[in-house]
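**Q** Got a structure for you, questions after.
The values are calculated or read from the model by the stated rules, or taken from the named source; none is laboratory data. Quick caveat, the model's predicted, so the values are computed rather than measured. Cβ coordinates were reconstructed from backbone atoms using ideal geometry, including for glycine residues, and neighbour counts include every protein chain displayed.
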Amino acid sequence: MTRVKICGVTDSADRNAVVTAGADAVGVIHGVPVDTPREVDEETAMRLVDGVPPFVTSVLVTMPTTVQEAVRRVDRIEPDAVQVHDGLSPAELGALDSRITQDIVAVVEANAPAIEDYATHADALLVDSVDADGGGGTGETHDWERTRAVVDSLDVPVVLAGGLTPENVAEAVETVGPFAVDVASGVEQSGGRKDHDAVGRFVRNATRAAGGAV
Ligand SMILES: O=C(O)c1ccccc1NCC(=O)[C@H](O)[C@H](O)COP(=O)(O)O
């Protein structure tokens, strides 16, 4: 069955709705040098992560420029996993891995060359549609067939992201066969605020679809 991460929660009501809907992971965005309504300050990130219950994974989504910066954020916020968007090379991800106990999800741009280089140093890859500044949350889909080839060629779990919605997620799962799917803007009522009904539909449609990796 395909796992589901709902990304970019900004308050406890949305976090709790995501958990109630049955998502496997909750993404909290902090430390990104891009303009996004989904980023929260450090205190809020700590509080949101702290309230994620057992058996649901809290994920800090961040864009560090150095390994040290990533370590400091992880040590302060204490998520279950860290998702690194842009900024760190595969070798730096390896260095980060040796300094934290959390799993590392490395974000790779869907059209990037040598995606496999990141697989060596990460616990999972998240294949996303990335904007010119390296940020996510674009609401744009990419070439799912290419991502299917990535899934087929690598042993590491692959998370599909970018432009997913309750309406297209079943087709995405069937086409790509990812370990998990991830959504931010596709389940919002307005920037940074989740539409709880859409979150529920997204989780149901993703988990009922055939094609996810076991
Ligand atoms: O969502 C953002 O605004 C964002 C900004 C900077 C770095 C990462 C960001 N999001 C990370 C995610 O994991 C999103 O869920 C992913 O990019 C998919 O977004 P969407 O296309 O809106 O579903």
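**Q** Pick out the one residue from Arg47, Arg73 that is in contact with a strand residue (DSSP E or B) (Cβ under 9 Å, 6 or more places away or on another chain) and among the basic types (Lys, Arg).
**A** Values: Arg47 fails: in contact with a strand residue (DSSP E or B) (Cβ under 9 Å, 6 or more places away or on another chain).
Just a single option satisfies the conditions, and that option is Arg73.
**Q** Here's another thing I want to ask about it. How many of the residues making up region 1-20 are more than 17 Å from the chain's Cα centre (by Cα), part of a loop (DSSP other than H, G, I, E, B) and at pLDDT 95 or above?
**A** Our first condition is that a residue be more than 17 Å from the chain's Cα centre (by Cα); within region 1-20, this holds for 1, 11-13, 16-17, 20.
Pick out the ones that are also part of a loop (DSSP other than H, G, I, E, B) and you get 1, 11.
Narrowing the set further to residues that are at pLDDT 95 or above leaves 11.
Residues flagged as more than 17 Å from the chain's Cα centre (by Cα), part of a loop (DSSP other than H, G, I, E, B) and at pLDDT 95 or above within region 1-20 amount to 1.
**Q** Here are Leu125, Leu160: which of them is touching a Pro at 6+ places or on another chain (Cβ under 6 Å), under 19 Å from Val84 (Cα atoms) and free of Cβ contacts under 8 Å to residues at least 60 places away in the same chain?
**A** Values: Leu125 fails: touching a Pro at 6+ places or on another chain (Cβ under 6 Å).
Answer to the selection: Leu160.
**Q** Something else about it: Please specify each residue of region 29-62 satisfying the condition of being part of a strand (DSSP E or B) and over 15 Å from Gln102 (Cα atoms). It would help to see each step written out before you state the result.
**A** Looking only at region 29-62, we keep the residues that are part of a strand (DSSP E or B), and these are 29, 39, 57-62.
Listed by number, the residues that qualify are Ile29, Glu39.
**Q** Mind checking which residues of region 97-122 are hydroxyl-bearing (Ser, Thr, Tyr) and free of Cβ contacts under 8 Å to residues at least 12 places away in the same chain? Before the answer, list the steps.
**A** Keep residues of region 97-122 that are hydroxyl-bearing (Ser, Thr, Tyr), which gives 98, 101, 118, 120.
Ser98, Thr101 - these are the residues of region 97-122 that are hydroxyl-bearing (Ser, Thr, Tyr) and free of Cβ contacts under 8 Å to residues at least 12 places away in the same chain.
**Q** Of all residues in region 1-42, count the ones that are at positive phi, more than 9 Å from the ligand (Cβ to nearest atom) and surrounded by 20 or more Cβ atoms within 10 Å (Cβ to Cβ).
**A** 1
**Q** Sticking with this structure for a sec: Answer yes or no as to whether Val74 is closer than 21 Å to Thr138 by Cα and not in a loop (DSSP other than H, G, I, E, B). Before you say what the answer is, go through the steps one by one.
**A** Values: closer than 21 Å to Thr138 by Cα: no; not in a loop (DSSP other than H, G, I, E, B): yes.
The answer is no for Val74.
**Q** While we're here: Take region 110-121 and flag every residue that is within 15 Å of the ligand (Cβ to nearest atom) and either modelled with pLDDT of 95 or more or touching an Asp or Glu at 6+ places or on another chain (Cβ under 7 Å) (or both).
**A** Ala110
**Q** Also: In region 123-141, what residues are at pLDDT 95 or above and more than 8 Å from the ligand (Cβ to nearest atom)? Spell out how you get there, then give the answer.
**A** First, pick out the residues of region 123-141 that are at pLDDT 95 or above: 123-127.
Scanning region 123-141 gives Asp123, Ala124, Leu125, Val127.
**Q** Starting from residues that are within 16 Å of Arg208 (Cβ to Cβ) and in a loop (DSSP other than H, G, I, E, B), keep the ones in region 172-190 and report whichever is farthest from the ligand (Cβ to nearest atom).
**A** Of everything passing the filter in region 172-190, Gly177 is farthest from the ligand (Cβ to nearest atom).
**Q** Show the residue pairs that are 6+ apart or on different chains and have beta-carbon atoms under 8 Å apart, the first residue being within region 54-65 and β-branched (Val, Ile, Thr), the second being within 13 Å of the ligand (Cβ to nearest atom) and at pLDDT below 95.
**A** Val61/His85; Val61/Gly136; Thr62/His85; Thr65/Gly87
**Q** Continuing with the same structure: Only residues that are within 13 Å of the ligand (Cβ to nearest atom), of a type outside the set (A, V, I, L, M) and out of contact with any His (no Cβ under 6 Å at 6 or more places or on another chain): list them for region 148-166, please.
**A** We begin by selecting, within region 148-166, every residue within 13 Å of the ligand (Cβ to nearest atom); these are 159-166.
Then keep just the ones that are of a type outside the set (A, V, I, L, M); that gives 162-163, 165-166.
Selection gives Gly163, Thr165, Pro166.
**Q** While we're on this one: Of all the residues that make up region 46-105, how many are more than 23 Å from Val19 (Cβ to Cβ), within 16 Å of the ligand (Cβ to nearest atom) and among the acidic types (Asp, Glu)?
**A** So the count comes out to 2.
**Q** Then there's this: Could you tell me which of the residues Thr147, Thr175, Thr141, Thr165 is more than 22 Å from Thr57 (Cα to Cα), polar (S, T, N, Q) and touching a Phe, Trp or Tyr at 6+ places or on another chain (Cβ under 8 Å)?
**A** Numbers: Thr147 fails: touching a Phe, Trp or Tyr at 6+ places or on another chain (Cβ under 8 Å); Thr141 fails: touching a Phe, Trp or Tyr at 6+ places or on another chain (Cβ under 8 Å); Thr165 fails: more than 22 Å from Thr57 (Cα to Cα).
The conditions single out Thr175.
**Q** For region 140-154, does any single residue satisfy the condition of being under 13 Å from the mean Cα position of the chain (by Cα), within 29 Å of Gly191 (Cα to Cα) and buried (at least 18 other Cβ atoms within 10 Å of the Cβ)?
**A** No: region 140-154 contains no residue that is under 13 Å from the mean Cα position of the chain (by Cα), within 29 Å of Gly191 (Cα to Cα) and buried (at least 18 other Cβ atoms within 10 Å of the Cβ).
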